[in-house]
Structures are given as structure tokens and as C-alpha cells.
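Any read-out appearing in this document is the output of simple, stated calculations on the displayed coordinates, not a laboratory observation. A quick note: this is a predicted structure, and the numbers were derived from the prediction, not measured. Counting neighbours? That spans all protein chains shown, and the Cβs are built from the backbone with ideal geometry, glycine included.
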């Protein structure tokens, strides 16, 4: 039963973390999934991404990436262009406006992450990260 307790506790903890991060992102009108798309695009450092690659990198892989990108376009956070080499492919770019928003959110998110993990020492955090990564690596 300890394995069930662990699974349930991890799921509950994940929900608490998601709710807290979502609350921090709402100040900019972003969902955690939208922020995840922006984080992925920022990490590409100006290199465009396609929907498939964004979906593969998403934390929530069951998200409707196309709909998320549409919402981010409406907000002026991403642009979509037809690829010159392959007209069936669509390239997605992050905008300077989105980069500014991400930069402004960074201190708030770091503070929230510190708050959520404050009951653990640095060594405990590293150990927990190692163990959870070990569990996840199977999938």
C-alpha cells in the first residue's frame, strides 16, 4: 500500500503545485499550459518550432497545443508563419512582448517555487528530484 500512498501523494502535490503556479500566472492572464508553450519557445532562442515539437515538449501532453497557440497569437505573444521550405509546415515564434512578460513573471514564479519547496533542505530537494526523475524515467 505504500506505493499507492506515494502515487496519491504525488498526484495531490502536483495538483497543489499546479494551482499555486496557475494563480501566480493569472496576473498576466496566462494559464500554466500557455506559459509552458512560451517557456518552450523561449528556450529555442529565436529558432521556430512546429506544433508537434511543442506538444512533445509540453508538461501537459494532453493539452490542445493548436488552441493554446491560437490564444497566444490573440494576446500577441506568438506569431505563426508558413515555412518557406515546406509550405505544409507552420513555424511558431515567440514575440518580444512575450519575452518581456516572462521576464516580469520570473521573480514571482521563483518566489512561489521557493515557497512550495521551503520545507525541504537543498540536499532533500536534490534527493527528491533524483527519486522522482528515476520514477518518471520509465515512461
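At a glance:
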{"quantity": "Region 32-53, subset under 13 Å from residue 109 (Cα atoms) and without any contact (Cβ under 8 Å) to a residue 60 or more places away in the chain, residue farthest from the chain's Cα centre (by Cα)", "calculated": "32"}
{"quantity": "Output for region 114-124, where each listed residue is surrounded by 12 or more Cβ atoms within 10 Å (Cβ to Cβ) and without any contact (Cβ under 8 Å) to a residue 12 or more places away in the chain", "calculated": "117, 120"}
{"quantity": "Positions within region 81-106 being exposed (fewer than 15 other Cβ atoms within 10 Å of the Cβ), within 20 Å of residue 31 (Cβ to Cβ) and without any contact (Cβ under 8 Å) to a residue 40 or more places away in the chain, in sequence order", "calculated": "97, 100, 103, 106"}
{"quantity": "Residue match in region 66-77 (condition: in contact with a strand residue (DSSP E or B) (Cβ under 6 Å, 6 or more places away or on another chain), in contact (Cβ under 8 Å) with a residue 24 or more places away in the chain and not in a helix (DSSP H, G or I))", "calculated": "no"}
{"quantity": "Among residues of region 24-45, those that are farther than 18 Å from residue 57 by Cβ and either out of contact with any helix residue (DSSP H, G or I) (no Cβ under 8 Å at 6 or more places or on another chain) or not in a helix (DSSP H, G or I) (or both), counted", "calculated": "2"}
